[in-house]
Structure formats: C-alpha cells, structure tokens
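The values are calculated or read from the model by the stated rules, or taken from the named source; none is laboratory data. Everything numeric here is computed off the predicted structure, so don't read it as measured data. FYI the Cβ positions are ideal-geometry reconstructions off the backbone, even for glycines, and counts take in every protein chain you see.
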Amino acid sequence: DKDEVVAPEINPNEHKLQYAYALWYSRRNPGKQNSIQSYDRNLKLVGRFASVEQFWGLYSHLTRPSELTTHTDFHLFKIGIKPMWEDEANQRGGKWIVRLRKGLVSRCWENLILAMLGEQFMVGEEICGAVVSIRFQEDIICVWNKTASDLGTTNRIRDTLRRILHLPSGASMEYKTHNESLKN
Amino acid sequence: GTRIVYERAFLMNLRNSPISQ
C-alpha cells in the first residue's frame, strides 16, 4: 500500500517534524497462533502525519491507551519502517521495554511520543518507533531502535526514557534485541 | 541540515491551534 510509505503534504503554516510518522493499530486474538502472516494482517494503518498540527489532528480523535481493550497495541513508526522485526530497519535492532502498572499508560505514552516527535532522544537516525501494548495485568511501552549493538545509543535512549516518563523508582526496564525476541 | 527539535511544552501549546483540529 502506497500510503504506508509516503509522507503526507504539509501546509507552510504548519510546524514540520524532523520525520513523518505512521500510526498503526493491532489487536491480537488470544489463543490463536500468531504467525508472521497473521501479525502483518492484523496491522491496520490508522493515519500518517508530518507536522505537529497533523499529529494533534489525529491524536485528538484517538482512543486513549488506557481505554483500549486488552491485547491491543498502537505502533507509532517513522514512515517507511513497518512495525515488524522483518523490516530492514529493524533487523539488527532491539527495543527498550518498560512495564507499567495499570493507570499510568496514557500519560507515559503521550510523554514518550512527544519526546520522539520532538527529537528529544538525540540519537541521530537510530529511533525506529514506539509501541504501547495493553495487557491484562500491566501495560507495556517499548522504544525500538536500529542498532542493538550500539551501547551508547541504547544507554542514551534508556536515560531519556527515565527522564521523560518520570518512572517510579523500581520500575523495570529491559532491553531486548529483536533476534532474542524471535527465538522466544 | 539542522535537526528539528521541539520541547514538550511547545508541542502542547500547538494542541489547540485551529489547524490542529
């Protein structure tokens, strides 16, 4: 689908973002086997934006993460990068995983995506996207980057996450390469 | 070129601008 890879046009009076993004939604069928094919089929493109104004125009109409049903995910990725391990940009990558107790996810997700859109991570081209996952007992947010082996980058993403999420002490953070995730 | 950096407060201020609706 062409829409997935093309940035929308912006008007001159809008505030351009460093990157254009696509927002995806997925819902897992609990109990069903999750093959790569079914994962791909479950990904629905919600919208795209290239400016701050276009972002708010989309975001304001979305259901807040805390109001989503269990087993749903939002994936916010740079245009041209599909939120899948198999995408070229993700193949050597990994993700920071932050597990949140119930009640925190909407605020944390908003802080995370505002930091991503505003280029607050300061890791060059390394960020691929972010995911929020609504689960039964906890919620999870992840930040995906391109090069899992780049310790300077992954440390900087971790430190930025700690700062922008205002995580309670003891909140667990874990880095996983996509290769490890594939094996599990 | 220069990286386009926006602080959280700046982004929040644009939330209610007419072209964000």
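Do you know which of the residues in segment A:10-28 that are of a type in the set (A, V, I, L, M, F, W, C) and either away from chain B (no Cβ under 14 Å) or not in a loop (DSSP other than H, G, I, E, B) (or both) is nearest to A:His61 (Cα to Cα)?
A:Leu23
Taking the options A:Leu58, A:Leu17, name whichever one is in contact with a Phe, Trp or Tyr (Cβ under 6 Å, 6 or more places away or on another chain) and closer than 26 Å to B:Asn16 by Cβ. Steps first, please.
Numbers: A:Leu17 fails: in contact with a Phe, Trp or Tyr (Cβ under 6 Å, 6 or more places away or on another chain).
Step by step, each of A:Leu58, A:Leu17 is checked, and only A:Leu58 is in contact with a Phe, Trp or Tyr (Cβ under 6 Å, 6 or more places away or on another chain) and closer than 26 Å to B:Asn16 by Cβ.
Within segment A:137-152, can you find the residues that are crowded, with 20+ Cβ neighbours inside 10 Å and either within 14 Å of another protein chain (Cβ to nearest Cβ) or over 14 Å from the mean Cα position of the chain (by Cα) (or both)?
A:Ala148
Can you work out which of the residues in segment A:153-170 that are among the polar types (S, T, N, Q) and surrounded by fewer than 19 Cβ atoms within 10 Å (Cβ to Cβ) is farthest from A:Leu17 (Cα to Cα)?
A:Ser169
For A:Leu23, are the conditions met, namely being under 24 Å from A:Ile127 (Cβ atoms), in contact with a strand residue (DSSP E or B) (Cβ under 6 Å, 6 or more places away or on another chain) and modelled with pLDDT under 95?
No, not satisfied.
Report, by residue number, each residue of segment B:1-11 that is surrounded by 14 or more Cβ atoms within 10 Å (Cβ to Cβ) and not in a loop (DSSP other than H, G, I, E, B).
B:Arg8, B:Leu11
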